[in-house]
Each structure stands twice: as C-alpha cells, then as structure tokens.
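K.L.:
The structure that follows is given in the form of structure tokens.
Each reported figure results from applying straightforward, stated rules to the coordinates on display, with no laboratory input. On a predicted model such as this, the values are computed, not experimentally measured, just so you know. Cβ coordinates were reconstructed from backbone atoms using ideal geometry, including for glycine residues, and neighbour counts include every protein chain displayed.
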C-alpha cells in the first residue's frame with residue numbers, strides 16, 4: 001500500500017435536533033499538534049494523515065504543519081446535518097482553503113469531498129436524523145437507488161474542480177452507489193467486524209474493479225472486549241444522553257459522561273483486529289488505508305470501568321485524565337495502546 005496513514009481529528013461537530021457536540025471543544029495547541037504529527041511520522045511510520053473536522057481554519061493549520069513534516073494530507077472537512085445546498089457551499093469554501101496548500105505541494109494534498117453523506121446530509125434519503133435514515137434504509141434498501149447522492153456529487157465535483165486543482169475523492173459507505181468517474185481516488189469507509197469479517201475483502205471488489213486506486217478512507221476498532229462482534233461498532237457504547245447533558249450550560253458540570261453498562265478493556269483485541277485488517281488490505285490490492293483514529297482527547301481513560309470513555313474510542317493512544325502525562329512520551333497527555341505498536345509494525349514493514 002502506497003498510502004499508509006491515520007486520522008487526526010481537529011474537532012468534528014455532530015449536530016442534531018437541539019444539540020451540537022464537538023469532539024474537540026477546546027482550542028488546539030499547535031505545538032502539541034506538531035509533536036503528535038512528528039510521532040505519527042517517526043514512530044507510527046505513517047506517510048499520510050487524514051485531517052478531519054468541521055472548522056476549516058483548524059484543518060488548514062494542521063495540514064500546513066503535516067505538509068512541512070513531509071506527510072501526505074487528506075483534507076477532510078465534515079459538515080453534519082446541513083442541507084445539500086449548505087453542504088455544497090461549505091465544501092467549496094473548504095476546497096478554496098485547501099487550494100494554496102495543493103499548489104505548494106503538488107500531489108500531496110487530496111481533498112475528500114465529504115463522507116457518508118447519505119447518513120449525514122438530510123434530504124438524500126428520508127429521515128430527520130442519522131438514526132431515522134438508517135431505519136428507513138433498513139426498511140427499504142432500494143432507497144439507495146434514488147439517484148440523489150449521485151446527482152449531488154455530480155453537481156458538486158465541477159464546483160470543487162473550479163477552485164481546487166489537486167486530486168479528489170469521496171469517503172463513501174460501502175453500500176452507497178457512487179459514480180467514481182469524476183474522482184481521482186475511490187474512497188470507502190470499510191469496517192471489519194463479525195458481520196463483515198468473512199466477506200471483508202469480497203466487499204471491496206466492486207471498488208477495485210473501477211480500475212482507479214482504492215483508499216480505505218476509514219476503518220478502526222474500539223477498545224472494549226466484544227467490540228469486534230457487538231454490532232455497536234458504528235455508534236459505540238457511550239451514554240449519549242449524559243454526553244449531551246454534560247455539554248449543557250450550568251447543569252453540565254454536575255453530569256459525568258459514562259458508558260452504557262460495564263465493559264472490560266481489551267487492548268489486545270483492538271491491536272489484533274487492526275493488525276489482521278491491515279494484513280487483509282495489503283493482500284487485497286488497495287492503494288492505501290487510513291486508520292481511525294490517532295487520539296480522542298475528550299475520551300479519557302479511568303480506573304472505574306463505567307467512566308473509562310477510552311474503551312469506546314478507536315484511538316491508538318489513550319488520553320489521560322486530570323492533566324496527567326504518559327511515561328512513553330512524558331511530554332504527551334496520553335499513553336500508546338497496544339494498537340499503536342501493532343499499526344507501527346505494519347507500517348514500518350511496508
């Protein structure tokens with residue numbers, strides 16, 4: 001695989017009826033960002049980083065650092081629960097911001113024109129929320145053939161090409177029907193778990209048959225025992241009601257986010273699943289794979305399993321609470337998990 005990388009989230013805002021929750025509500029410390037990107041390059045042995053988030057200024061600032069460090073950048077804005085028209089406008093503005101970086105670093109900045117839009121953009125399939133859209137799809141998968149996603153992308157790509165001269169892709173769900181003709185890379189978010197394990201590579205064959213380089217733009221594994229077969233991989237096991245209450249003014253300070261039940265850490269499982277997935281992808285012939293994710297700063301680990309939010313994280317490192325720093329990297333507010341070493345071994349051997 002030519003493109004071996006990891007996700008780096010600069011702060012994605014998940015919106016819905018009556019709420020907006022950011023994965024990184026605090027300001028970015030760019031000196032910390034630089035150090036983490038150095039570790040991604042030197043110790044994780046990645047050559048690419050998918051920089052995501054909802055604030056284009058943040059993505060651009062992190063992308064500039066990554067490019068100076070010699071990393072390839074997958075510029076990946078995420079605009080959730082906006083109308084198709086507003087999503088288009090925001091993606092075009094993001095492409096304009098990425099254009100100078102692409103011009104300065106030819107071929108090293110790839111623009112990801114959104115991801116999983118069928119679920120995250122209202123109007124492409126029925127439903128007022130991600131949950132409702134999934135319910136509608138499960139009731140009638142023929143809704144995917146309504147042509148709305150292709151029409152959206154067909155109108156979007158020329159507007160992106162008008163402002164951005166670098167390569168383009170889209171982060172598709174494995175079941176989204178996409179015309180890949182206008183794109184330079186085929187991008188697919190493809191997770192491996194009990195329901196897909198036996199067919200994992202087979203499910204990539206329609207993408208590989210396009211003749212274009214295929215990038216698995218997103219895959220990962222959570223860190224609690226049974227995550228690989230729980231069926232909750234897409235949504236996780238955090239108590240989302242308490243998470244929402246925790247973000248509310250005044251009352252939020254009295255509400256502590258926790259998991260929906262009691263789970264056990266299983267770093268060995270996470271590491272094993274990622275290593276096996278990378279081995280399969282290497283054999284499949286895909287051009288690249290981008291692991292989700294490097295760090296989840298708000299998902300702190302905790303000695304009390306009920307509050308060990310890192311168990312619900314796909315990150316390769318576990319964020320430490322109360323301002324503590326790690327021992328492997330004393331300057332970092334996290335400690336590598338077993339998955340960090342597993343991914344590093346694979347990337348280093350390539």
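K.L.:
Could you check what % of the DSSP bridge pairs in the chain are antiparallel, to the nearest 5?
P.N.:
On the way: 9 of 41 bridges.
So the antiparallel bridges in the chain amount to around 20 percent.
K.L.:
Specify whether the C-alpha gyration tensor of segment 173-229 places it in the rounded, prolate or oblate class, a ≥ b ≥ c being the square roots of the eigenvalues: rounded for a/c under 1.5, otherwise prolate if a/b is larger than b/c and oblate if not. All intermediate terms of the calculation are to be shown ahead of the outcome.
P.N.:
Numbers: a/c = 2.99, a/b = 2.15, b/c = 1.39.
Verdict is prolate for segment 173-229.
K.L.:
Counting only helical runs of four or more DSSP H residues, what would the 222 nm mean residue ellipticity of the chain come to if each run contributes -39,500 (n - 2.57) and the total is spread over all its residues? Write out the running numbers ahead of the final one.
P.N.:
Working: 10 runs with 116 residues, N = 350.
Taken over the chain, the calculation gives -10000 deg cm²/dmol.
K.L.:
Distance from a point 7 Å along Cα→Cβ of residue 15 to each backbone N in segment 23-62: keep the residues under 16 Å and list them by number.
P.N.:
Under 16 Å, as judged by backbone N against the label point of residue 15, lie 23, 53-57 of segment 23-62.
K.L.:
May I pose another question? Determine which residues of segment 188-208 fall in the zone a paramagnetic label at residue 229 would reach in this model, i.e. backbone nitrogen under 13 Å from the point 7 Å along Cα→Cβ.
P.N.:
Residues passing the 13 Å test: 193-198.
K.L.:
Between residue 43 and residue 307, what is the spin-label point distance in nm, taking each point 7 Å from the Cα along the Cα→C-beta axis?
P.N.:
With each label placed 7 Å out from Cα toward Cβ, I get 2.7 nm.
K.L.:
For the residue pair residue 32 and residue 349, what label-to-label distance in nm results when each label sits 7 Å from Cα along the Cα-to-beta-carbon direction?
P.N.:
Using points 7 Å along Cα→Cβ, the separation is 3.4 nm.
K.L.:
If you don't mind, there's one more thing I want to ask. If I model a spin label as a point 7 Å beyond the Cα along the Cα-Cβ vector, how far apart are those points for residue 255 and residue 69 in nm?
P.N.:
3.5
K.L.:
Right, something else. Set the Förster distance to 35 Å, then compute FRET efficiency between residue 248 and residue 329 from the Cβ-Cβ distance, nearest 0.05.
P.N.:
Details: r = 34 Å, r/R0 = 0.97.
Once rounded, the FRET efficiency stands at 0.55.
K.L.:
How far, in nm, would the chain grow between residue 136 and residue 272 when pulled straight, counting 0.36 nm per residue and subtracting the alpha carbon separation? Could the numbers behind the result be given before it?
P.N.:
Working: separation 136, 0.36 × 136 = 48.96 nm, distance 3.42 nm.
Answer, rounded to one decimal: 45.5 nm.
K.L.:
Sticking with this one: Tell me, in nm to one decimal, what length is gained between residue 279 and residue 89 on full extension, where the rule is 0.36 nm per residue of separation less the Cα-Cα distance? Kindly include the intermediate steps, with their values, before the conclusion.
P.N.:
Values: separation 190, 0.36 × 190 = 68.40 nm, distance 3.88 nm.
Gain on extension, residue 279 to residue 89, equals 64.5 nm.
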